[in-house]
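Taking it in order: structure first as structure tokens, then the write-up.
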Amino acid sequence: MRTMEISKFTGCLLGTAIGDSLGAAREGSSEIAEIREIGPRYTDDTAMTIGVAESLIRCRGFDGEEMARRFVENFLREPWRGYGAGPPRIFTMILRNGRRWDEGLDRELYPGGSFGNGAAMRVAPIGLFYCDEPEKLREAVCGASRITHSHELAIEGALLQAHAVALAVRTRYPDLNREEFLTQVKGVVRSEVYREKLDAAGELLDRRADRKQVIQRLGNGVEAPNSVPTAIYAFLASEDFEEAVVYAVSLGGDADTIGAMAGAIAGAYYGVERIPLRWRENCENSRYLEELAERLWEASRVRSRGDRSS
Ligand code: F2R
Ligand code: MG
Ligand code: MG
């Protein structure tokens, strides 16, 4: 059990970095093209995923103030990772102006807050950590999102992505039932826009739609509703890890982020040993990501043992 679970945690974190590194060179492209070799660097998607994992490990669960501090410190160390427009401005408000992490600071940048996919792209470690506890998962995802993304569509996108990761960890390979998976993640959504997209994903899966139709119906943009359902679809439309991330990135648009999110779900389902060796060997910081996955798994076990004994 331990070996299988650690393989899935590792697959998820490495899968994020690999999908991100594969898509990084294609971010913003409108061309539909398959690429199979990862670039040398991951981007903000993985850098922030690392921040979420580090914070969960250190605090044995979600702590908003500490997670925000981790985001700021990691950003200051590597500001060149290609962050979205909003988060660095929010980090400055926290660092220089002493603003609190839970003030909804993104509302000062975007009316109603940001609905970018920045909360969803980094949420995978929460899906891993709370994979057996949907209520705690929801609470942690909402808190972690609000640091930079308080718009309800950004939060709902992050919830959807975290639940997809949690479900993928709980689903033993090769037992995936695609229809059932989609039905279960649909259970998380409340808003019409996500419901429609996930219904469309089901129809597209049934008729093996071409890429243009997928982009038209699901989207490939930086907005959470135009990328989270697309990543889930890429996982479900594929037969293995490699196909899932190559397909996700081939859709273009926000390719690094759709690749990172599809990679997180696919890695959590297939496990690390089903990720091609050439990608595992060439992925930036793969040793650290593997170590982080094992520590995250250990922290999640300690926490659930503590919950049972109290
Ligand atoms: N930043 C990028 N890519 C730009 C190119 C980087 C370049 N390659 C480089 O090397 O520097 N990618 C990363 O950003 C995306 C995640 O962004 P996040 O964290 O959600 O940022 P933000 O600023 O909150 O939102 C992103 C955009 O969404 C639109 N938007 C959001 N809320 C809105 C609102 N209420 N009204 C109108 N528009 C809203 C805006 O266009 C924001 O700029 C990922 O792709 C990651 O890879
Ligand atoms: Mg990025
Ligand atoms: Mg991106």
Accessible area in square angstrom per residue, the chain, 1.4 angstrom probe: 41 Å²
Cβ-based net charge around T46, under 15 Å, with every Lys or Arg adding one and every Asp or Glu removing one: -4
Of G252, G127, G86, the one that fluctuates the most in a GNM where the chain has Cα springs shorter than 10 Å: G86
Relative packing of 181-188, 16-23, which averages over residues the other C-beta atoms within 10 Å, highest first: 16-23, 181-188
Accessible-area value, W279, 1.4 Å probe, nucleic acids and ligands omitted, Å²: 0 Å²
Theoretical ellipticity at 222 nm over the chain - DSSP helices of four or more residues, -39500 (n - 2.57) apiece, nearest 500: -20500 deg cm²/dmol
M261, M4, ranked by accessible area, largest first (probe 1.4 Å): M4, M261
For the range 14-30, Karplus couplings with θ = phi - 60° (6.51, -1.76, 1.60), whole Hz, Gly/Pro x: 5, x, 4, 5, 6, x, 5, 5, 6, x, 4, 6, 9, 4, x, 7, 9
Whole-Å distance, taken between Cα centres, linking the range 47-64 and the range 233-278: 23 Å
Rh by Kirkwood over Cα pairs, then Stokes-Einstein D for the range 153-310 at 1.306 mPa s and 10 °C, µm²/s: 97 µm²/s
Accessible area of R278 in the full protein assembly, 1.4 Å probe (Å², nearest 10): 80 Å²
Cβ-defined net charge surrounding G23, 10 Å radius [Lys, Arg +1; Asp, Glu -1]: -4
Alpha-carbon centroid distance for the pair the range 111-130 / the range 170-187, whole angstrom: 21 Å
Choice from I275, I35, I258 showing the highest fluctuation, given a GNM over the chain with Cα pairs closer than 10 Å: I35
Ranked by how many other beta carbons lie within 10 Å on average, peptides 113-124, 58-69, 162-173 from highest: 113-124, 162-173, 58-69
21 Å Cα-Cα reach of K8 towards lysines, excluding residues that sit fewer than 8 places from it in its own chain: K136
Whole-percent pair-distance distribution, where bins are 10 Å wide, for the alpha carbons of the chain: 7, 32, 38, 20, 3, 0
Cut-off 10 Å between beta-carbons: net charge of the residues surrounding L105, Lys and Arg +1, Asp and Glu -1: +1
The chain: most fluctuating residue of P125, P88, P174 per GNM, C-alpha cutoff 10 Å: P174
Pair I32, N285: separation of 7 Å Cα→Cβ label points (nm): 3.4 nm
Residues with amide H under 5 Å from that of E284, placed H, sequence gap 5 or more: Y42
Dimensionless Rg over Rh [the range 64-193; C-alpha; Kirkwood]: 1.01
Under-5 Å amide H pairs with E27, H placed in peptide plane, nonlocal only: A255, D256
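The values are calculated or read from the model by the stated rules, or taken from the named source; none is laboratory data. All values derive from a computational prediction rather than experimental measurement. Cβ: placed from backbone, ideal geometry, glycine included. Neighbour counts: every protein chain shown. For the accessible areas, the whole protein counts, side chains as well, though only heavy atoms, and no ligand, DNA or RNA atoms are used. Shrake-Rupley method; radii C 1.70, N 1.55, O 1.52, S 1.80 Å.
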